[in-house]
Amino acid sequence: MVTTASGTVLAFAEGRVSGAADTGDIDVVVKRSTDGGCTWGPLAVVAAGEGDTRGNPAPVVDPATGRIVLVTCYNAGDATEGEITRGEVPPEDSRRVFVQTSDDDGLTFTAPREITADVKPPEWRWYATGPGHAIALTHGEHAGRLVVPANHSVVPPEGSGDLGDEDRYYGAHALYSDDGGQTWQLGFTDGAYDGTVNPNESIAAELPDGRIYFNSRDQNGTAPGARLDAYSLDGGETLQHPYAPQPTLDDVPVVQASVLQTADGPLLFSGPSVPDARKAMALWRSDDGGQTFRKALVLSELPAAYSDLVQLDAATVGVLYETGQLGPYESIELRRVPLADL
């Protein structure tokens, strides 16, 4: 989700045409709300899969122009993540990266424009932006920079006997633009590829002191817990230290999650709150810039999975999340949460 310069809320998702699988005919879709998420307009297709897979939406609002910039990924509809990480898919059908923009408050978007060559080294196989909102920096020498948290996988070393689909070959990175999304560069790359921590789906927030806080899913690493975090002091170009376990989020399972630095308030984290199950969507708060978190509110005990956070107004945040009565993928809901409740 993002809130535009006019106050419109845009909620993006993957429109999976034939079923819930990660592979297949998948569109990137959006809904708009002009009343802070209370009611929503019709579903609109932003990037049509047309039989192929388009997904991992990472939207951000350029503070200089108000333009909405959307970064997404693509692969052929019959190419699975396992086939891609094993190197069994030709480059044209493998993971590719695209950018789109909107200058009319999210009513229409430009056609996807490819930026793969600028942000994906040839030795990488998997590639995924977000999924979740990207950020625009507002402090310091990099003010105005757009930063997209992302993840990738690498080719196993020769002689290892590995195929490349092992979790240990996942790593995190960032891409950034200093001209409102026209051109893009690769920022930091993090991954020990030793199986201890395996950074995967990532999200970011700019802290009040200008540091970027990155939080990532640990894809079945041997380190305790399932959340990792790190900081950047230079606008996402490098990390202060490699991703490391975040012990105060140990009750989060292996799943995508979200963070949000609220205006004049705490850093928030959203995710399921049962270590071995995707259920019980909750919010945590941090008052020390992500060093520690404490659980502040459980939204529901029902099944729940992916989520994203957005500031709706000075006193309210929105939590967009997957949930359902019997499973976590039955619906997508928006919960308005007063900051006073946290």
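The values are calculated or read from the model by the stated rules, or taken from the named source; none is laboratory data. As the structure is a computational prediction, the values presented were derived from the model and not from experiment. Backbone-built Cβ (ideal geometry, glycine too); neighbour counts: all protein chains shown. For accessibility, only protein heavy atoms count, side chains too; no ligands or nucleic acids. Shrake-Rupley method; radii C 1.70, N 1.55, O 1.52, S 1.80 Å.
Just a few scattered comments:
- In terms of its alpha-carbon gyration tensor, the stretch 131-270 comes out oblate; a/c meets the 1.5 threshold, while b/c is at least as large as a/b.
- Proximity of backbone amide H atoms, modeled 1.01 Å from N, is registered between GLU201 and ARG217 at under 5 Å, excluding neighbours fewer than 5 places apart on the same chain.
- Counting only Cα atoms, the size of the stretch 180-260 along its three principal axes is 37, 27, 21 Å, in decreasing order.
- Segment ARG294-GLU50, extension gain: residue separation times 0.36 nm, minus the distance between their alpha carbons: 83.5 nm
- Among VAL255, VAL298, VAL317, the residue with the largest mean-square fluctuation in a Gaussian network model of the chain, with springs joining Cα atoms closer than 10 Å, is VAL298.
- Centroid-to-centroid, using Cα positions, the stretch 251-297 and the stretch 201-217 are 13 Å apart.
- The stretch 122-214: GluC sites (Glu not before Pro) in DSSP loop, at most 10 other beta carbons within 10 Å: GLU123, GLU158
- When the alpha carbon coordinates of the stretch 241-342 are projected onto the principal axes, the ranges are 37, 33, 20 Å, largest first.
- The residues of the chain present an accessible area of 39 Å² per residue when probed at 1.4 Å with all protein chains retained.
- Selection from HIS241, VAL99, THR316, by position along the positive dipole direction of the chain (Cβ): THR316
- The calculated FRET efficiency for GLU123 paired with GLU92, based on their beta-carbon distance and R0 = 22 Å, is about 0.80.
- A compact globular protein would have a Cα radius of gyration near 2.2 N^0.38 Å; the ratio found for the stretch 144-206 is 1.32.
- Within straight-line cross-link reach of LYS295, lysines at Cα separation under 22 Å, skipping those fewer than 8 residues along the same chain: LYS279
- Ligands, DNA and RNA left out, the accessible area of the stretch 214-342 computed with a 1.4 Å probe is 53% carbon and sulfur.
- In this structure, ASP178 and ALA314 have a Cβ-Cβ separation that, at R0 = 22 Å, corresponds to a calculated FRET efficiency of about 0.15.
- Dipole moment magnitude, nearest 20 debye, the stretch 92-155 about Cα centre, only Lys, Arg, Asp, Glu C-beta charged: 260 debye
- Rounded if a/c under 1.5, otherwise prolate or oblate - the stretch 43-170, Cα gyration tensor axes: oblate
- Over all orientations, the chain has a Cα convex hull whose mean projected area works out to 15.6 square nanometres.
- Among the chymotrypsin sites (Phe, Trp or Tyr not before Pro) within the stretch 222-311, not one is in coil by DSSP while having at most 12 neighbouring Cβ atoms inside 10 Å.
- GNM remark for the chain: springs join alpha carbons under 10 Å apart, and the peak mean-square fluctuation among THR196, THR39, THR222 falls on THR39.
- Phi angles of the stretch 98-105 translate, via the Karplus equation with coefficients 6.51, -1.76, 1.60 and θ = phi - 60°, into HN-Hα couplings of 9, 10, 9, 9, 9, 10, 10, 6 Hz per residue; Gly and Pro are given as x.
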